[in-house]
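Chemist: First the structure, which I've put down as structure tokens, then a few questions once you've had a look.
The values are calculated or read from the model by the stated rules, or taken from the named source; none is laboratory data. Model, not experiment: these values are computed from the prediction. Here the Cβ positions follow ideal geometry from the backbone for every residue, glycine too, while neighbour counts run over all protein chains shown. Just so you know, the surface numbers come from the protein's heavy atoms only, side chains and all, with ligands and any DNA or RNA stripped out. Shrake-Rupley method; radii C 1.70, N 1.55, O 1.52, S 1.80 Å.
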Number of protein chains: 4
Amino acid sequence: MTFQEIIKLHPQPTSLDRDALLDCIDACLDCATSCTACADASQSETDVQELVRVIRLCLDCADACDATSRIVTRQSAPDLRLLAAMLEACSAACLASAEECERHAAHHEHCRVCAEVCRRCKKTCDDLLAIVVVENQH
Amino acid sequence: MTFQEIIKLHPQPTSLDRDALLDCIDACLDCATSCTACADASQSETDVQELVRVIRLCLDCADACDATSRIVTRQSAPDLRLLAAMLEACSAACLASAEECERHAAHHEHCRVCAEVCRRCKKTCDDLLAIVVVENQH
Amino acid sequence: MTFQEIIKLHPQPTSLDRDALLDCIDACLDCATSCTACADASQSETDVQELVRVIRLCLDCADACDATSRIVTRQSAPDLRLLAAMLEACSAACLASAEECERHAAHHEHCRVCAEVCRRCKKTCDDLLAIVVVENQH
Amino acid sequence: MTFQEIIKLHPQPTSLDRDALLDCIDACLDCATSCTACADASQSETDVQELVRVIRLCLDCADACDATSRIVTRQSAPDLRLLAAMLEACSAACLASAEECERHAAHHEHCRVCAEVCRRCKKTCDDLLAIVVVENQH
């Protein structure tokens, strides 16, 4: 992915830790697409009626990750309260879909892998959130 | 708008107050588009360099409202912690862009109107959040 | 909805017919949310396995309408070829979900209503497309 | 990125060439984020008034790539006319932002890199489009 290079070329770069920022964006992109793919795979399974909650929470998680990846990508004149609240929402979305996908991991491999991606994305959101909270106190 | 009719036809409708839900979706759609339009108007103004923060926060707010409108629209098997966190993030996004647009309301009419839309959207998110929090305690 | 007012306040307004523009944005917002709601209602139906194509095409249509509503909302320095291509894609997405929802209209009222919204959105896209094509020839 | 693995686990995988599909999704994610970052960097430049068209077209391109990445990711019961139209729209969006970014490549490194990402994304859309068109004739 080349977007990292463009983020580094911003004329007024963020004071937040750049690696934590890039990790979070990367994880959000992977998680948004993984959740879109898992919801789509789930709705084509023969036991789709057992997967209603997987589908619903993966769709929610994809939407939360999309919005978060865009907001975290912007470095111009941020609002740290908004950034923190968005990272919390994305973390909650990742947790919800991870927990539900884990319930189906034994019989659907795409749920098992998707849960892992959601857990990883939750961690990068939580890590960046911790940095934003400290920065906001200064 | 006809989407309200479809929401009422869900086979397993939400237990949340339907009017609060519909008000929130409607306000999010209006706010997402208003913020997209205000960011676009601002970047074509001759004093665009004074409006960097308006543009950035309006773009963020449009993204948060988009994700929130989709998540609130879904009624199947919701996760109330995620719903609450998303409404908080959207409320924070609306507040940030409302406050910044208000700083420019005297000389840019589109900022004045956009601030009003953001305030209204924040209120519908806060109202629905209060309902979700009570529901989550049951 | 208040966004129309902000669009009218753009410092360098579009030369395209404003009413056609506003109708298209309004229809895209309604269609995006209607399709999100219809996909969500469909996946909670007991005959969900008959509705796989409804769900998939409604999700696609919501995504196409979202992108189109944002692109049509922006008036600064447009690219008319891109605008035309996006309206064509949105029209194709509306047609696909309308046709599939119509197949299920007799037994699912949300599909019947959603098909109407998709048809209306397709029409506003086609109307605006005709205007863009003429404008692009000048 | 792990989403490729989930796409491979779909119970009813697409008949389209899988590598062309994955390349297109990957390029769309990179392009959406690169364009979000380039628009954001551009609006913080001191010569922002020269960059109005870069900002506008990068925002459009990000929206088109987002929608395309989601639609291409779904494999259940596709509509090939819609898929083709969306790939054409995304290709047009990538071309428009590539051409405008190239005009500013000499004095803004983020525009130079963004133009390259847009060109690459356009190519993956065109390649997948050619495959979809052939498939649609069968």
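Chemist: Using the Cα centre as the reference, give the magnitude of the dipole from point charges on the C-beta atoms of the protein assembly as shown (Lys, Arg: +1; Asp, Glu: -1; all else neutral), rounded to the nearest 20 debye.
Modeler: With only Lys, Arg, Asp and Glu charged at Cβ, the dipole is about 0 debye.
Chemist: In debye to the nearest 20, how big a dipole does the stretch C:1-135 give about its Cα centre with +1 on each Lys and Arg Cβ and -1 on each Asp and Glu Cβ?
Modeler: Values: 13 positive and 23 negative charges, 59 e Å.
I would put it at about 280 debye.
Chemist: Taking the dipole about the Cα centre of the stretch A:1-125, with the C-beta of Lys and Arg at +1 and of Asp and Glu at -1, give me whichever of A:A93, A:L21, A:V54 is farthest to the positive side.
Modeler: A:L21
Chemist: Between chain A and chain D, with a rotation axis joining them, whose C-beta in A is nearest that axis, and what is the whole-Å distance?
Modeler: Residue with the nearest Cβ, plus whole-Å distance, for chain A: A:L29, 2.
Chemist: Please find the FRET efficiency linking C:L80 to A:D17, where r is the Cβ-Cβ separation and R0 is fixed at 35 Å, and quote it to the nearest 0.05. Numbers along the way, then the final one.
Modeler: On the way: r = 42 Å, r/R0 = 1.21.
FRET efficiency, C:L80 to A:D17: 0.25.
Chemist: A follow-up question, please. Per DSSP H run of at least 4 residues, take -39500 (n - 2.57); add these up for chain C, divide by its residues and hand me the 222 nm value, nearest 500 deg cm²/dmol.
Modeler: Values: 5 runs with 107 residues, N = 138.
Rounded to the nearest 500, it is -27000 deg cm²/dmol.
Chemist: Thinking of the stretch C:1-137 as a set of Cα atoms, what percent of all their pairs are more than 21 Å apart?
Modeler: Values: 3833 of 9316 pairs.
Everything past 21 Å amounts to 41 percent.
Chemist: Once phi is turned into ³J(HN,Hα) by the Karplus curve 6.51 cos²θ - 1.76 cosθ + 1.60 with θ = phi - 60°, what whole-Hz value does each residue of the stretch C:131-137 show in order, with x for glycine and proline?
Modeler: Listing the rounded values in order: 5, 5, 4, 4, 4, 5, 7 Hz.
Chemist: Along Cα-to-Cβ, 7 Å out, sits the label point; list in nm, shortest first, how far the one on B:S15 is from those in the other copies.
Modeler: Listed shortest first, these distances are 4.6, 4.7, 5.9 nm.
Chemist: Between chains A and D, what is the buried accessible area summed over both chains (1.4 Å probe, protein heavy atoms, nearest 100 Å²)?
Modeler: On the way: alone 7770 and 7780 Å², together 12240 Å².
The contact between D and A buries close to 3300 Å².
Chemist: Inter-copy label distances at C:V133, 7 Å along the Cα→beta-carbon direction, one decimal in nm, shortest first?
Modeler: Those label-point separations list as 1.8, 5.4, 5.7 nm.
Chemist: Expressed as a whole number of Å, what is the distance separating the alpha-carbon centroids of the stretch B:98-129 and the stretch C:91-119?
Modeler: 35
Chemist: Let me ask something else about it. Mind listing the label-point distances from B:D47 to the same position on all other copies, shortest first, one decimal in nm, points 7 Å along Cα→Cβ?
Modeler: Nearest first, the other copies' label points are 2.5, 6.1, 6.3 nm away.
Chemist: Further, regarding this structure: Quick one: 3J(HN,Hα) in Hz for the stretch A:45-51, Karplus 6.51/-1.76/1.60 with θ = phi - 60°, rounded, Gly and Pro as x.
Modeler: Calculated HN-Hα couplings, in order: 6, 5, 9, 3, 5, 7, 10 Hz.
Chemist: Another one. For chain D, what relative contact order do you get, as a whole percent, if you take Cα pairs closer than 8 Å and at least 6 residues apart? Don't skip to the answer; put the middle values down first.
Modeler: Numbers: 162 pairs, mean separation 42.3, N = 138.
It rounds to 31 percent for chain D.
Chemist: Just the Kirkwood number for the protein assembly as shown, please: inverse of mean 1/r across all distinct Cα pairs, in Å, one decimal. The partial results should precede the final answer.
Modeler: Numbers: mean 1/r = 0.0442 Å⁻¹.
Evaluated on the protein assembly as shown, it is 22.6 Å.
Chemist: Further, regarding this structure: So how far, in whole Å, is the C-alpha centre of the stretch B:1-77 from the one of the stretch C:1-69?
Modeler: Taking the Cα centre of each part, the stretch B:1-77 and the stretch C:1-69 sit 12 Å apart.
Chemist: At 1.4 Å probe size, with every protein chain present, just tell me what the per residue accessible area of the stretch A:24-68 comes to in Å². Show your work: numbers first, answer last.
Modeler: On the way: 750 Å² over 45 residues.
Per residue, the stretch A:24-68 has an accessible area of 17 Å².
Chemist: Give me a single rounded figure for C:21-34: the average over its residues of other chain Cβ atoms within 10 Å of their Cβ. Spell out each step's value before the answer.
Modeler: Details: counts 0, 0, 0, 0, 3, 3, 2, 2, 9, 6, 3, 6, 14, 8.
Rounded to a whole number, the mean comes out at 4.
Chemist: Would you mind checking the tilt of helix D:52-73 against the longest principal axis of the Cα atoms of chain D, expressed as 0 to 90 degrees and rounded to 10?
Modeler: Its long axis makes an angle of about 10 degrees.
Chemist: Turning to a different aspect of this structure: Can you tell me which lysines have their Cα less than 30 Å from the Cα of B:K122? Leave out same-chain residues fewer than eight positions away.
Modeler: Leaving aside lysines fewer than 8 places away in the same chain, those within reach of B:K122 are A:K122, A:K123, B:K8, C:K8.
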